Structure formats: C-alpha cells, structure tokens
Amino acid sequence: MARSSDQPTRSAAQSNRRRSLPSTLAAPAQGWMSSHARCLIESLGRLYRRWLASLLTATVIGIALALPAGLYVLMSNLDTLSQSWHRAVQASLYLQDDLSISDGQALAERLGARDDVDASTYISAQAGLEQFRESSGFGAALDALEDNPLPAVITINPRSDMSRAEIGALLVSLEDEPGVARAELDQAWLERLYAILSVIERSAWVIGLLLSAAVLFIVGNTIRLDIENRREEIEVMKLLGASDAFIRRPFLYSGFWYGLIGAVLALVLLGICFLALAQPLGALTRSYDGAMAVHGLGFDGVLMLLGIGVALGWLGCVLTVNRRLAAIEPR
C-alpha cells in the first residue's frame, strides 16, 4: 500500500519539474535583457548629467552627417532634373534637296512609328525659312536671296528612357535612312551635364567617407576621455572580478547614443536648410510649370541616415574601448 501511495507523489514532482523548466530557461534571457536595458538607460543618464559636452559632441557629429546627406539630396534632385532635360533631347534629320514634300512627310510618319522614337515632325524648307525669319530678325536679308538655302528637316524625339549609348545608335540608324542627307543631335550640353553630375556624385562619396572617418575619430576620442576619467572605477571593477565585456557595455551604449543623437541633429539641420532655401526652390519649380518637384531624404533616407549614425557611433566606440580597457590593469 505504501508503494502505491508513493506513485502519485513521484508523478506530481516530475510534472512540477517539467512545468518549471521553461521558466528556468527564460530566466537567463530575461536577466540578459534587463542588464542591457539598464546599461542603455544608465549610459543615457550619464550623457544627460554632462549634457553640454554631450550636446557639443553630438552637434559636431550631426554636422558631419548632414553634409554628405545634403549632397545626396542635391544629387537625387539633379538626377530627377536631368531626366526632364534628357527628354528634351531632339535629333534633326536634314533631308536631301531632291526629296519631295510628300516623301518627306511619309518618311516622318514611318520614323515616328518606330519603337525607339516618341515623336517625329516634318518641317518643309519653306516652313523652316519662315521660322528662321521670325526668330532671327533678318527678314530683309532673306528676301534678297533668290533661292531658299534651308533644307527640309525632320525633328525626332527619342524615347525618354533611352540611355546615351542607345541615342547614339539611334542617330546612326536614322542617318542611314534613304532621303536623309545628315543627322545631328545637339547633346554636347547633355554630355557636360552628365559629367557634372558624375563629379558631384564622386565628390559626395569622397566627402562622405572623409566625414565618416571624422565621426569615428570624434566618438573614439570622446570615449577615450570618458575611460580616462573613470580609470580608477574601472580598476576597482577589475579587482572585484568584472569582465571586460561587462565594463565595456556602458561605453558601447554611449557610442550608440552619440550616433543616434548626431543623426537626429543632422536631420534637424537638413530641415533648417530646406526651410531656408524654400523660396528660391519654389521659384525654380514654378519655372518648370510644376514638372519638377524638389524632394528631401524620404522615409528610407531618414532610416538610412539614422542607421549610419548609430553604426558609426558604435564602431568608433568599439575601435577605442577594446584597446583602452586592455591597457588598464589594477595596481
């Protein structure tokens, strides 16, 4: 009877141990999370206690992040503007003198039906002369000419999404059309525009890399000074058996806060610059009849800037704190 009475008690104990197993496994994870959360808040409180020095450091970081971010915004807006200029590219096909008006119109219709051409317009020699007379102001001089020196022309608008290489290939194929004497494309200004955009893009990358290195140096130097100010505290913690990972954790979160606050200040600076330039930018967009809209970083750009700021702050701290803590030994 005693053996049978012990069986339910043993089963109940095993069931209780199985129920307590998840809570036992969850306890270390909760302790790890609470430890990191405490360090995160304590590091922010430490920055707040010396808020003026922390604000100056974060402001310098914000300026360093705002400059490449501003260049990125400028580059993206210029790229959008270049697309509208790209759509304004027009090729001129000068027709042979012996080509009749009906044949020229038929050629213009056939070229306009091509997949790589948005529009084609036939301008007869007489119509071209009248346009030149109105635009140039040399009406009397043109009346003295016995013959019309201007040929008939077909203007071609390439497809808007074509690259420069595709436009060049289109120009070669149009020049081989029967009845076309010469084909010209005034794209020298477009080549200069793309060259300028390429210089701005490369400059943005170079400046961004240099200022990123500056942010790493700023954060690293700030954390180095903080470690030196707490040198005696660190020595005592090592005497008590604290690991380098435990001592390093608050400094890493300080780098996190420096990078995050600096990125937020960079967004504020960009907003101030955007407001300061609102009036001339509005005049620029009105000059394009609303076809061009100036835009900022956008949601993805804001998240990227915040992530870059946090990453640089964290990395600058990591590069400094490991080396400095290794050099501190209890006396």
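The values are calculated or read from the model by the stated rules, or taken from the named source; none is laboratory data. Given the structure is predicted, the values throughout are model-derived calculations rather than measurements. Every residue, glycine as well, gets a Cβ built from its backbone with ideal geometry; the counts of neighbours run over all protein chains shown. Only protein heavy atoms, including side chains, enter the accessible area calculation; ligands, DNA and RNA are left aside. Shrake-Rupley method; radii C 1.70, N 1.55, O 1.52, S 1.80 Å.
Apply the Karplus parameterisation 6.51 cos²θ - 1.76 cosθ + 1.60, with θ equal to phi minus 60°, to every residue of segment 322-329 and state each ³J(HN,Hα) to the nearest whole Hz, in sequence, with x for glycine and proline.
Karplus values, whole Hz, x for Gly and Pro: 4, 5, 6, 5, 5, 7, 9, 10.
Can you list the HN-Hα couplings for segment 116-125, worked out from phi with the Karplus curve (6.51, -1.76, 1.60; θ = phi - 60°), rounded to whole Hz and with x for Gly and Pro?
Each residue's phi maps through the Karplus curve to give 8, 10, 7, 7, 9, 9, 8, 10, 5, 5 Hz.
Which order do 217, 251, 256, 274 take by accessible area at a 1.4 Å probe, largest first?
217, 274, 256, 251
Put a dot 7 Å past each Cα toward the Cβ at residue 51 and residue 74; how far apart are the dots in nm?
3.5
Round to the nearest 0.05 the FRET efficiency obtained for residue 239 and residue 42 when R0 = 25 Å and r is the Cβ-Cβ distance.
With R0 = 25 Å, the Cβ-Cβ based efficiency is 0.75.
Give the calculated FRET efficiency between residue 172 and residue 295 to the nearest 0.05, with a Förster radius of 30 Å applied to their Cβ-Cβ distance.
After rounding, the FRET efficiency stands at 0.25.
How high is the FRET efficiency from residue 273 to residue 100, r the C-beta distance, R0 56 Å, rounded to 0.05?
FRET efficiency, residue 273 to residue 100: 0.40.
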